[in-house]
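Since the structure comes first, as structure tokens, the remarks are kept for the end.
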Protein chains: 2
Amino acid sequence: MQIKDLGEFGVIDLLAGIVMSQRSGSGNARSFSFNLTVDNGDDTAAWSIGSQSRPGDDRPVNELFTTDTMVEGVHFTLETTPWQDLGWKSLASNISDVASMGGLPSYALVTLGLPSETEVSHLESLYTGMMEISNEYGLAIVGGDMVRSPVVFITVALTGVMQGRPMVRTGARPGDLIAVTGHLGSSGGGLKLMLEGDSSQSDEADFLRDSHRSPRPEVAVGQTLVEAGITTAMDVSDGLGDDLSKLCRASGVSANIFADRLPMHPFLRSRFPDDCVDLALGGGEDYVLLFTGQPAKVNHVISGLPGGAAVVGEILVGEPGKITLVDAEGAETPAGSRGWDHFRPAKD
Amino acid sequence: MQIKDLGEFGVIDLLAGIVMSQRSGSGNARSFSFNLTVDNGDDTAAWSIGSQSRPGDDRPVNELFTTDTMVEGVHFTLETTPWQDLGWKSLASNISDVASMGGLPSYALVTLGLPSETEVSHLESLYTGMMEISNEYGLAIVGGDMVRSPVVFITVALTGVMQGRPMVRTGARPGDLIAVTGHLGSSGGGLKLMLEGDSSQSDEADFLRDSHRSPRPEVAVGQTLVEAGITTAMDVSDGLGDDLSKLCRASGVSANIFADRLPMHPFLRSRFPDDCVDLALGGGEDYVLLFTGQPAKVNHVISGLPGGAAVVGEILVGEPGKITLVDAEGAETPAGSRGWDHFRPAKD
């Protein structure tokens, strides 16, 4: 059997099963009083380090650890993602994973797979983008690796740090509301513009393209959610439908999404009136946060978020990972399979 | 200009320069009292976390962070490196980096770039190798990423932990002796056997092939070196000539290597009598440790190492990174360029 037959979920489940069942212990870390608090399968791994570094706050310090890769021709093309944007985005996706746990990004390693013919000036542009987002988000690139490769790929490994308990994917319970902390679909709309060859200059087109080219991970929002007592969250990187499905699988629940409550920027609605819902559900790379909690809690938390958040659905008892889109008239359609399976055709 | 024109060292220097000169601070880490102790350019990055976790030992705890990548057709072929070995080796190269600082490996993330046609059974073999080495060395795989890619690549990001000051590349001083902690060239000899199609079964051939297929990073040796007060070390991954050159560049010194003192296993000498010195200098993937220090210190430390170590050269005032091979008669030849430049032809 090949991995394309098993599918991304199947392969991930298989490998995570091997890793967790055959592990004889993280002995070295434990001998330093490190304690693994979030294992395989979440936006980041996490461990508590048993030190307290902020006066008056006795919650444990957790370190976070995540990695994300972009491959040319699979995750990006240099036509729609120039080198400087690639630098920004390769870090942004990792920062967003740290944000989704409620942490701050700290140290990054950058691995570049490059053809020998890569222009040095392109690498300089790549690093310009990396330095911009690193400095803006307060992290330091502290090393990496560079290898020859027939295709360009960029892998970033990022650590994070936080005081308190990381938010995880496994805590959603039936009856919880589902909220997202920003607009959906803008990045997908920007990509669609570029793929259609629309290079027009307008506030609308510029906004959509910028959303795709320079997404802004919600680190401060993640911290606010942790402080407010939210315990279940993830980031929306592959599209709400797909990401919510992952969260629901991890929590053993299903969910409804309310199609008429999806937060979309007016520019997305105006430019793509027919496609905006699809883009909001499956466009990906929005890097807003998705969180769940009991209704009173969620509504209270939303009222305290400077940028607000939108309730977009509810958690239900049901087949784990099953997502149903419910429109304003109550008509239901499956919404789980619109996202991104790395090993299957997009429309499989 | 393309990166193959600038060369690996040139590109690395350029990018490290950008990262360190344009960095506005690792603000988040510092707000948790983390302090970067080893920056770009060493075997791992390191930071102290300001906690003390072992009774009676007030040295700071440092965390280490490294990453290493293997690309099919560049670093390995599936003919000479079966999937299970690939799993072992992809972690071994990272564990060796941690060992070279004097640390213990703690947590790993595994990124797989895979064609959709990859057999699931091959992935299971890969993870069998990964679990073997993880369990043996006391680390835990805590997550990763999986992406579609036209070529197989494996990137491991690994953290480590240690009490005390990490050994670095920058401390070599003229007059220091250079020692290596194990045999050189065995892995290169095993690869050479396989490339020559020699599949004979003998103690000699089995030893050489095993050296290539299942290298054993020297974590315990690295700890012993730190305890003994050694402050300058790295691992021998690309070949002694190339790695020593990197250490000397980092320290601003040059070095002589004594050709007649290179420690080689009798099986390597007997199987490759004409090539063994070249294999010892440039074969790579031996994963022994290389360290330097004042003569009395080095000799004392060697006497306390259970497996011993061999003095193979001396540090000199001279062009940084220049390595000269000196034979038993005192004849000198340049030895620095036999190693591995990822972006230039091997014989450039």
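Laboratory data are not the source of any read-out in this text; all were calculated from the coordinates shown. This one's a predicted model, so the numbers in the text were calculated from it and none came from an experiment. Methodologically, a virtual Cβ is constructed for each residue, glycine included, from the backbone with ideal geometry; neighbour enumeration extends over all protein chains shown.
Specify the residue with the greatest mean-square fluctuation among A:Leu193, A:Leu281, A:Leu104, computed from a Gaussian network of chain A linking alpha-carbon atoms under 10 Å apart.
A:Leu193
Please state the shape class of the range B:125-196: rounded when a/c is under 1.5, otherwise prolate if a/b exceeds b/c and oblate if not, all from the C-alpha gyration tensor.
Here the range B:125-196 falls in the oblate category.
Using +1 at the C-beta of Lys and Arg and -1 at the C-beta of Asp and Glu, which of B:Tyr107, B:Ala92, B:Leu123 has the Cα lying farthest in the positive direction of the dipole of the range B:50-143?
Looking along the dipole axis, the top candidate is B:Tyr107.
Place the label 7 angstrom along Cα→C-beta at B:Gln2 and in each other copy, then list the distances from the first to the rest in nm, shortest first.
Nearest first, the other copies' label points are 3.1 nm away.
Can you spot the aspartates and glutamates whose alpha carbon is less than 12 Å from A:Lys4's alpha carbon? Ignore those fewer than 8 places along the same chain.
A:Asp341, A:Asp348, B:Glu117, B:Glu119
Lys/Arg Cβ at +1, Asp/Glu Cβ at -1, dipole of the protein assembly as shown taken about the Cα centre: which of B:Thr292, B:Gly175, A:Ser33 is farthest positive-ward?
Result: A:Ser33, furthest along the dipole toward the positive end.
For the protein assembly as shown, what is the mean residue ellipticity at 222 nm derived from helices alone (per DSSP H run of n ≥ 4: -39500 (n - 2.57); sum divided by total residues; nearest 500 deg cm²/dmol)?
The per-residue figure over the protein assembly as shown is -11000 deg cm²/dmol.
Find the centroid of the Cα atoms in the range B:243-257 and in the range B:119-192, then give the distance between the two in whole Å.
22 Å
Sorting B:Lys89, A:Lys297, A:Lys192 on the 10 Å Cβ count, fewest up front, what's the list?
Ordered by Cβ neighbours within 10 Å, fewest first: A:Lys297, A:Lys192, B:Lys89.
Return the percentage of antiparallel bridges among DSSP beta bridges fully within the protein assembly as shown, rounded to the nearest 5 %.
75 percent
Give me A:Leu289, B:Leu6 ranked fewest to most by other Cβ atoms within 10 Å of their Cβ, as a rough exposure proxy.
Fewest-to-most ranking of A:Leu289, B:Leu6: B:Leu6, A:Leu289.
Farthest toward the dipole's positive end in the protein assembly as shown, which of A:Val19, A:Val74, B:Gln223, given Cβ charges of +1 (Lys, Arg) and -1 (Asp, Glu) about the Cα centre?
B:Gln223
Going 7 Å from Cα along the Cα-Cβ axis for the label, what nanometre distances separate B:Glu332 from the same residue across the other copies?
List, nearest first: 8.3 nm.
Rank the residues A:Thr292, B:Thr232 as a footprinting-exposure proxy: fewest other Cβ atoms within 10 Å of their Cβ go first.
Fewest to most other Cβ atoms nearby, the residues stand as B:Thr232, A:Thr292.
Hey, can you list the DSSP H helices of chain B whose Cα span along the axis is 18 Å or longer and whose average Kyte-Doolittle score is at least -1.0?
Helices passing the filter in chain B: B:3-22, B:83-101, B:120-137.
Suppose we flag GluC sites (Glu not before Pro) only when DSSP calls them loop and at most 15 other Cβ atoms lie within 10 Å. Which is the longest uninterrupted stretch of chain B?
B:197-328
Take every DSSP beta bridge whose two residues both sit in chain B, then give the antiparallel share in percent to the nearest 5.
Beta bridges within chain B, antiparallel portion: roughly 75 percent.
Over chain A, what is the mean sequence separation of C-alpha contacts under 8 Å (at least six apart), divided by residue count, expressed as relative contact order in percent?
20 percent
Modelling each spin label as a point 7 Å along the Cα-to-Cβ direction, I'd like the B:Thr333/A:Ala328 distance in nm, to one decimal.
Here the modelled spin labels are 8.2 nm apart.
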